[in-house]
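Enquirer: I have a structure I would like to understand better, so I am pasting it below and will then ask my questions one at a time.
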Amino acid sequence: MSNTKPNVAIIGSGLAGLSLALALNQQSIPVTIYESRPGPLNIGGAVMLSPNALRILDHLQIYKSVKEKGYSFETLHFRDLSGKLLETFDFGSEEKYGYNGLRIYRYALIDELLAAIKEKEIPIHFGKRFVNIVEDSLTDGVTFAFTDGSTASASILIGADGIHSTVRQYLYPDLEPQFIGMAGITAAVPTTQLKLPQDYHIPVTIMSPRGAFVIAPQQNDGSEVLIGKQQRVSAGESGWDREFVADKEGALKFLQSDNAHFPEFVQNAVSQIDPAKVNKWPFFVVPKLEKWASETRRVLIVGDAAHAIPPSSGQGINQAFEDVYILALLLGKAEKIRNMQDALSFWQTYRQERVDKVLELNKKIDMRRMPSDHTVVDVESDFAREEFDLTWLYNPDFQKRVDDWVSLNEK
């Protein structure tokens, strides 16, 4: 790979692809986005943004506008059925980490990213479905094809096309995302419907040996809440997940059943639910991958394409933002770096280390949220066994980490 600044093609215009384009543009790297759908994917529920991601959005100069459209909060409480506070989980703090946590609808975040893309005049082509790599050359870059028969070329092609990534098939033709036997069943209801006790803090996870119930405010004024439970699910034959996700009636039944042991406001929460606002999210992971890049380092994958993370800790999109921002910082310094293959190896190693720690964090949270089944679990002692320390997650200095590596590997 040449040690001059590349031109980059991005497959996918989701949160990872759009933020990558802005980060590359900030490094004066030419970039073009290709999206298979005919327009922006402005669907889906709210996402949780923690300080590690919000710091990146601040560097990309869209944090202020994004902040106005989301619900700002600092902590998630874990309580037992009696209301006793078991543990407090930091999701942000201006004092500790520079930023509060933010819960924002995905469409609102995408709208802000698209507005910045338009302002920077970054080319984005809709209705261009990537189909395969035509040529992956160390000297000439990468040429790739679309289903309409056209082709395009770039120095680097980056797949930001999600957990079912088509670009990833070039690196791993036989890989399929793995279902982990759990799903999140959620809905959105008006906050007033709950009739919460005075001064009751939300977001909250209410613990029970039979499973947990989550309540999280959304909309910038907190007028709406997400409510949800996690469900154990057995994987069936091929295609089971599509049928499972489409079964809104089953999701609604699950949300409204087996809640008598929860506080009254939980029963209020599930008493009236618009089926259109019910969602089912099977939890998938991508097996740990040996490589996130082709042998020539011309084809890369980021975000869910490289390391899908279940949403237990709310870090999926936050980790995708980390992927793309650090990659852009390195590519922006290509002219100084002795060997870009080494730079990309550093990028993957550093990012994988953080992803692995997030996956361990997910396990700790899932232990608290899931029903114990036939295993006797003392929830309170489980909490006492290990506290959350999230400084490593929320206070990284990505610029320094990249600068330090580059200073040791300059020409």
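The values are calculated or read from the model by the stated rules, or taken from the named source; none is laboratory data. All values reported here derive from a predicted model rather than from experimental measurement. Backbone-built Cβ (ideal geometry, glycine too); neighbour counts: all protein chains shown. Accessible surface areas use protein heavy atoms only, side chains included; no ligands, DNA or RNA. Shrake-Rupley method; radii C 1.70, N 1.55, O 1.52, S 1.80 Å.
Enquirer: I need the phi-derived Karplus couplings for the range 80-87: 6.51 cos²θ - 1.76 cosθ + 1.60, θ = phi - 60°, integer Hz, Gly and Pro marked x.
Expert: 8, 5, 7, x, 5, 6, 8, 6
Enquirer: Let me ask another. Go through the range 288-298 residue by residue and turn each phi into a ³J(HN,Hα) via Karplus (6.51, -1.76, 1.60, θ = phi - 60°); whole Hz please, and just put x for glycine and proline.
Expert: Values, residue by residue: 4, 9, 5, 9, 10, 8, 6, 4, 7, 6, 8 Hz.
Enquirer: At 25 °C and 0.890 mPa s, grab the translational diffusion coefficient of the range 60-198 from Stokes-Einstein with a Kirkwood Rh over Cα pairs, rounded to a whole number in µm² per second.
Expert: Rounded to a whole number, D works out at 122 µm²/s.
Enquirer: Give the Cα extents of the range 181-284 along the principal axes, in whole Å, largest first.
Expert: Cα extents, longest axis first: 48, 30, 22 Å.
Enquirer: Right, next: What's the tally of Lys pairs in the range 181-284 whose alpha-carbon atoms lie under 14 angstrom apart, where the two lysines are 8 or more places apart or on different chains?
Expert: 6
Enquirer: Write down the Å³ per residue value for the convex hull defined by the alpha carbon atoms of the range 1-120.
Expert: Dividing the Cα hull volume of the range 1-120 by its residues yields 151 Å³.
Enquirer: On to the next question. Considering only protein heavy atoms and a 1.4 Å probe, what is the carbon-and-sulfur percentage of the accessible area of the range 181-284?
Expert: Taking all protein chains in place, the range 181-284 shows 49 percent carbon and sulfur surface.
Enquirer: Please list the non-local residues whose amide H lies under 5 Å from the amide H of Tyr105, H modeled 1.01 Å from N, same-chain partners needing a gap of 5 or more.
Expert: Excluding prolines and chain starts, which carry no amide H, the hits are Val47, Gln219.
Enquirer: Estimate the FRET efficiency between Ser137 and Asn395 by the formula 1/(1 + (r/R0)^6), using the beta-carbon distance for r and 51 Å for R0, to the nearest 0.05.
Expert: E between Ser137 and Asn395, to the nearest 0.05, is 0.80.
Enquirer: What are the residues whose amide H is under 5 Å from the amide H of Ile33, where those residues sit 5 or more places off or on another chain and H is modelled from the backbone?
Expert: Ile10, Ile124, His125
Enquirer: Tally Lys/Arg at +1 and Asp/Glu at -1 over every other residue whose Cβ is under 11 Å from the Cβ of Gly159; what's the total?
Expert: Taking every other residue near Gly159 into account, the sum is -1.
Enquirer: Then there's this: Report the local net charge at Phe254: Lys and Arg +1, Asp and Glu -1, summed over other residues whose C-beta lies under 14 Å from its C-beta.
Expert: With Lys, Arg at +1 and Asp, Glu at -1, the neighbours total +3.
Enquirer: Provide the gained length on full extension for the span Lys96 to Glu264, in nm with one decimal, where the gain is 0.36 nm per separating residue minus the Cα-Cα distance.
Expert: That works out to 57.0 nm of additional length.
Enquirer: OK, next. Could you tell me what percent of the accessible area of the range 56-125 is made up of carbon and sulfur, with a 1.4 Å probe and every protein chain present?
Expert: The nonpolar share, carbon plus sulfur, comes to 45 percent.
Enquirer: Can you work out ³J(HN,Hα) from phi for every residue in the range 212-219, in order, using Karplus 6.51 cos²θ - 1.76 cosθ + 1.60 and θ = phi - 60°, giving whole Hz and x for Gly and Pro?
Expert: 10, 10, 10, 10, 9, x, 8, 6
Enquirer: For Leu85 and Lys253 in one chain, what is 0.36 nm times their gap in residues minus the Cα-Cα distance, to one decimal in nm?
Expert: My answer for the length gained is 57.6 nm.
Enquirer: Percent relative contact order of the chain, based on C-alpha pairs within less than 8 angstrom and at least six residues apart?
Expert: Averaging sequence separation for qualifying contacts and normalising by length gives 22 percent for the chain.
Enquirer: Excluding Leu196 itself, what net charge comes from residues whose Cβ is under 14 Å from its Cβ, given Lys and Arg +1 and Asp and Glu -1?
Expert: Computed value for this residue: -1.
Enquirer: Starting from the exponent 0.38 and prefactor 2.2 Å, build the expected Rg for the chain from its residue count and divide its actual Cα Rg by it.
Expert: Relative to the 2.2 N^0.38 Å estimate, the chain comes out at 1.01.
Enquirer: What value, in deg cm²/dmol to 500, does the helix sum -39500 (n - 2.57) over DSSP H runs of n ≥ 4 give at 222 nm once divided by the residues of the chain?
Expert: -10000 deg cm²/dmol
Enquirer: Which far-off residues, 5 or more places away or on another chain, put their amide H under 5 Å from the one on Leu86, with H placed in the peptide plane?
Expert: Amide H neighbours of Leu86, under 5 Å, 5+ apart: Phe78, Arg79, Asp80.
Enquirer: Output the peptides 133-140, 97-104, 68-75, 176-183 sorted from most to least packed, where packing is the average of other Cβ atoms within 10 Å over each peptide's residues.
Expert: So the peptides 133-140, 97-104, 68-75, 176-183, ranked by packing, come out 97-104, 68-75, 176-183, 133-140.
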